[in-house]
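Everything on this sheet refers to the single structure shown next.
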Amino acid sequence: MKFHLIHLGCQMNQSDAERIKAVLKGMGIAETDNEEEANILGIVSCSVRQKSIDRVYSKIEEWNARKDRSNLLTCVSGCILPADEPKFLKRFDLLFRIHEIAKLPDMIRQYGVVTPASLYITSQAQTNDPLGGFWKVEPDYSSPFEAYVPIQNGCDKFCTFCAVPYTRGREVSRPSDDILAEVERLIQRGVKSITLLGQNVNSYGLDKAGKEMTFAQLLRSVAELGRGRPPFWVYFTSPHPRDMSTQVLQTIAEHPVLAKQIHLPLQSGDDKVLIRMNRNHSMERYRELVHQIRHILPTATLFTDIIVGFSGETQEQFENTQKAMEEFQYNMAYIALYSPRPGAASSRWPDDVPQSVKKARLAQLTEVLRQSSGDYNREQVGKIFTVLVDGKDRKGQYLSARTEGKIPLRLLGPDELIGQFVQVRITKAADLSLEAELCEEGLRSVSPQLEAV
Amino acid sequence: MFRIILMIHRVLGVNTLSSGAVCVRFSREGMSFQAGQHILVSLPGTYVAREYSIASGEQDPWLEILIRVVPGGKLSPKLARLKPGDHVEISGPCGFFTPDLSSAKRVLVATGTGIAPFRSFFRSGKAAQSVLVHGVRQLVETSWFDDWSTVPYVRCVSREDGGELRGRVTQWIAQNAPRLAECEWWFCGNSQMIQEGWDLLQQVGLDSNQIHTEVYF
C-alpha cells in the first residue's frame with residue numbers, strides 16, 4: 001500500500017502536507033514519488049491562483065481515468081474555496097479539512113483500506129481547539145535540517161487581492177506550549193533552520209489577547225530554548241506591516257538565534273493602491289518600519305512581496321512602487337503579475353492592466369532589484385560568513401548554501417557538508433547570488449552565534 | 001482546509017431604505033464587536049459570502065447591516081428579500097477600522113452605505129467631536145436613519161437640492177480641509193472617492209497617519 005501526495009502553493013501547504021504524510025505513514029502506508037504505483041493519491045490544494053485550481057482539476061481527471069484499471073483512493077485537502085467544495089466532492093473520494101486530520105485513518109478505513117498498523121489507530125477525542133488535533137500531529141518533516149513550524153492559521157486582514165480569509169478562515173493562534181514543544185523537539189534533532197509560519201505571524205496571540213503570548217514574547221521564548229544549545233537559525237514568515245512592532249525587532253536584535261532577515265511585504269509603493277488593496281497601512285508607516293529595521297537590525301537583509309498591474313494601477317502608481325524599491329534597497333523581492341484570484345474581493349474589479357504592461361513593469365522592477373541586491377552582494381566580497389549548506393546546485397557541481405540573511409550562494413565542497421553550518425569567504429558576487437570558498441576552518445561545525453563578520 | 005467558523009443568526013427585520021438599499025437586522029447571538037468592524041454574511045447552503053460593516057452600536061441587542069442591492073449580484077438581491085424568521089450565516093467580526101476612545105476631533109466621510117460603520121461609531125459613543133459628511137445621489141438616502149439630529153451632519157447630494165451641499169463630498173473636502181487639517185479623517189465608501197479625498201488632504205499637508213480608510217467594493 002503506497003501513497004503519493006502533491007502539495008501546491010505556499011509553505012503553509014507544505015507544512016500541512018508534512019502532517020498528512022505523518023498520519024498516512026503512521027497507518028503503515030509508504031510514500032512513493034511515483035504516482036503510477038500509488039494506491040492513495042492526494043492533493044493539498046491552493047486557491048491563491050487560478051493556475052493551481054486548474055491543476056487540481058487536471059490531476060483528478062487524470063486520476064479518475066485510471067480508476068478503471070486500478071484500485072485508487074483520491075483525496076483533497078488544503079486551501080479550498082467554499083464554491084469549489086461541492087465540485088471537488090463530486091470528483092474526489094475524500095475531502096477533508098486539515099483540522100479533521102486526526103480522523104483521516106477512520107475515513108480511509110471506511111473505504112476498505114485497512115493496514116495492520118491502522119487497526120491500532122483510534123481517532124482523537126474532540127477538543128475545544130478549533131483546529132482539533134491538527135497541531136498535535138507530529139509532522140513528517142521534508143528535510144532533516146530545515147523545518148516549518150505553523151504558529152497560526154487563517155487571516156483577518158482581508159486584502160482585496162487575496163482569498164485566504166475565505167479558505168482558511170479567521171486567525172487562530174496555536175497554543176504557545178505546543179509551538180515551544182515542537183521547537184524543542186527540532187532542536188534535539190539538530191535542526192539548523194526553523195521557520196515559524198503563519199499568514200500574519202506578527203499578529204500571533206491577538207485572537208487570544210491577554211491569554212496568549214504576543215509574537216515578540218513567543219520569539220523570545222523560542223530564542224531562550226536555543227540558549228547553550230547547538231546553533232540554529234529561527235526565521236518567520238510572513239509578517240504584515242500593520243502588526244510589526246518595535247518589540248519584535250528589538251527581540252530579534254537581542255537574540256543571536258533569531259535570524260537577521262526580515263520579510264516585509266510591500267505589495268505596492270503607492271498609497272492609493274494600498275487603500276484599494278485594503279492593506280491598512282500607509283507608505284509612511286512602511287517607511288518608518290524600514291527605518292526601524294535599519295536602525296535596530298543594521299545587518300539584516302530585507303525581502304518583500306510586490307504585485308504589479310493590480311486592478312486600476314496607473315503608470316504613476318507603478319512608478320511609486322519603483323521609487324519605493326529604489327528607496328528600500330531590498331535583497332530579494334518576490335514580484336508577481338496581478339491576476340484576479342477567484343473568491344477574492346478584487347476579482348469583482350476589472351483586470352484592466354494589459355498583460356504586456358504587467359510584464360514590462362515586472363521587468364523594470366526586476367532590474368531595480370538586481371541593482372540593489374547586486375550592490376549589497378558586491379560589498380560582501382572578501383568577507384567571511386557562516387552559511388548553511390542546503391543541497392547541491394542544479395548541475396550538481398557545486399554545493400548550494402545560504403547566509404543567515406538568506407542570500408543564496410554556491411561553493412565547492414564534499415556532500416557531507418549538506419545540512420551543516422560552515423564558514424566561507426565570499427569570492428564573487430552576482431546580482432542575486434554569491435560564490436564562496438570554504439575557509440580553512442570551514443569543515444568543522446561552527447556556531448553562527450559566535451560569528452564575527 | 002480550515003472551515004470558517006460560522007454562526008447562524010435569525011433575521012429580525014428588513015427595512016427598505018431606498019430603491020437600492022436595505023437595512024437588515026439580525027439576532028446578536030452573543031457576538032461582541034468593536035464599532036467599525038465588519039462581518040461576513042452568507043445564506044445557509046450557499047457558497048457566496050460578502051463583507052458588511054456593522055451599522056448597529058456595540059450595546060445594541062441586535063446586529064444591523066446596510067446593504068447596497070447590486071442588480072444581478074450573487075448575494076445582495078437575496079439578502080434584500082429576507083424576511084423576519086429567516087436565517088443567515090455570519091462569521092466575524094473582523095477589521096481594524098476602529099476608533100479609540102480618545103477625544104480627537106474626527107471628520108467622518110462616507111458615500112452611500114459607507115455610512116454604516118460611522119453609525120456604529122455614534123451609537124457606541126465613539127464619535128464625540130465628530131462631524132459626519134455623507135455623499136449620496138438623492139436626498140432620500142440621507143433619511144435612512146433618525147440618529148442624526150444630535151450629530152453635525154453634512155449632506156452632500158449630487159443630483160438634487162436639499163442637502164447642505166449640492167455636489168460631491170470631495171467638493172466639501174476641498175473647501176474645508178485647510179481648516180480641519182488637525183483632525184483625524186476617516187473615509188468609508190467607494191475607492192474613487194477615498195482616493196480623491198486622500199489627494200486633497202495630502203495637498204493641504206495632512207500626515208497619512210491621520211487618514212483611516214475602509215474601501216467598499
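The values are calculated or read from the model by the stated rules, or taken from the named source; none is laboratory data. None of these values were measured; they are calculated from a predicted model. Please note: Cβ atoms are built from the backbone with ideal geometry, for glycine as well, and neighbour counts cover all protein chains shown.
For this structure, a couple of remarks:
- Restricted to region A:62-115, and to residues there that are assigned to a strand (DSSP E or B) and more than 9 Å from chain B (Cβ to nearest Cβ), the residue that is surrounded by the fewest Cβ atoms within 10 Å (Cβ to Cβ) is A:L94.
- For B:V133, the test of being part of a strand (DSSP E or B), within 13 Å of another protein chain (Cβ to nearest Cβ) and surrounded by 19 or more Cβ atoms within 10 Å (Cβ to Cβ) is failed.
- Flag: A:V44 matches the condition of being in a strand (DSSP E or B), crowded, with 22+ Cβ neighbours inside 10 Å and within 14 Å of chain B (Cβ to nearest Cβ).
- Answer residue from region A:1-41, given it is over 21 Å from A:G112 (Cβ atoms) and part of a loop (DSSP other than H, G, I, E, B) and is farthest from the chain's Cα centre (by Cα) among those: A:N34
- Looking only at region A:331-350, residues that are out of contact with any strand residue (DSSP E or B) (no Cβ under 8 Å at 6 or more places or on another chain) and either part of a loop (DSSP other than H, G, I, E, B) or surrounded by fewer than 19 Cβ atoms within 10 Å (Cβ to Cβ) (or both) come to 10 in all.
- Any hit, region A:271-288, residues being more than 23 Å from A:C162 (Cα to Cα), in contact with a strand residue (DSSP E or B) (Cβ under 9 Å, 6 or more places away or on another chain) and of a type in the set (S, T, Y): no
- Residue within region A:254-261 that is part of a helix (DSSP H, G or I), away from chain B (no Cβ under 14 Å) and at pLDDT 95 or above present: yes
- Given (1) crowded, with 17+ Cβ neighbours inside 10 Å; (2) within 14 Å of chain B (Cβ to nearest Cβ); (3) out of contact with any Ser or Thr (no Cβ under 6 Å at 6 or more places or on another chain), index of the condition A:F328 fails: (2)
- When A:I306 is tested against (1) farther than 24 Å from A:C79 by Cα; (2) buried (at least 20 other Cβ atoms within 10 Å of the Cβ), exactly one condition is not met: (1).
- Within region A:81-103, tally of residues that are at pLDDT 85 or above and not acidic (D, E): 9
- Residue identified as in contact with a strand residue (DSSP E or B) (Cβ under 9 Å, 6 or more places away or on another chain) and part of a loop (DSSP other than H, G, I, E, B) among A:G413, A:G396: A:G413
- Selection count where residues are at pLDDT 95 or above and either basic (K, R) or closer than 30 Å to B:W172 by Cα (or both), scope region B:84-107: 1
- Out of A:D54, A:D33, A:D16, sole residue that is in contact (Cβ under 8 Å) with a residue 40 or more places away in the chain and not aliphatic (A, V, I, L, M): A:D16
- Selection count, region A:274-302, where residues are touching a residue at least 24 places away in the same chain (Cβ under 8 Å) and more than 14 Å from chain B (Cβ to nearest Cβ): 9
Listed here are the residues, each with its yes/no results for (1) hydroxyl-bearing (S, T, Y); (2) surrounded by fewer than 21 Cβ atoms within 10 Å (Cβ to Cβ).
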position	(1), (2)
A:R220	no, yes
A:R229	no, yes
A:F232	no, no
A:Q250	no, yes
A:L258	no, no
A:H263	no, yes
A:S268	yes, no
A:S282	yes, no
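- Within region A:405-438, tally of residues that are among the charged types (D, E, K, R) and in contact with a Lys or Arg (Cβ under 6 Å, 6 or more places away or on another chain): 3
- Of the strands (runs of 3 or more DSSP E) entirely within region B:59-116, those holding at least 1 residues that are within 28 Å of B:V157 (Cβ to Cβ), away from chain A (no Cβ under 14 Å) and under 15 Å from the mean Cα position of the chain (by Cα) occupy B:62-68, B:106-111.
- Top-ranked residue in region B:201-217 [being surrounded by fewer than 20 Cβ atoms within 10 Å (Cβ to Cβ) and part of a helix (DSSP H, G or I); ranked as nearest to the other protein chains (Cβ to nearest Cβ)]: B:S208
- Hits in region A:141-169 (condition: in contact with a Cys (Cβ under 7 Å, 6 or more places away or on another chain) and at the interface with chain B (Cβ under 9 Å from one of its Cβ atoms)): A:D156, A:F158, A:P165, A:T167, A:R168
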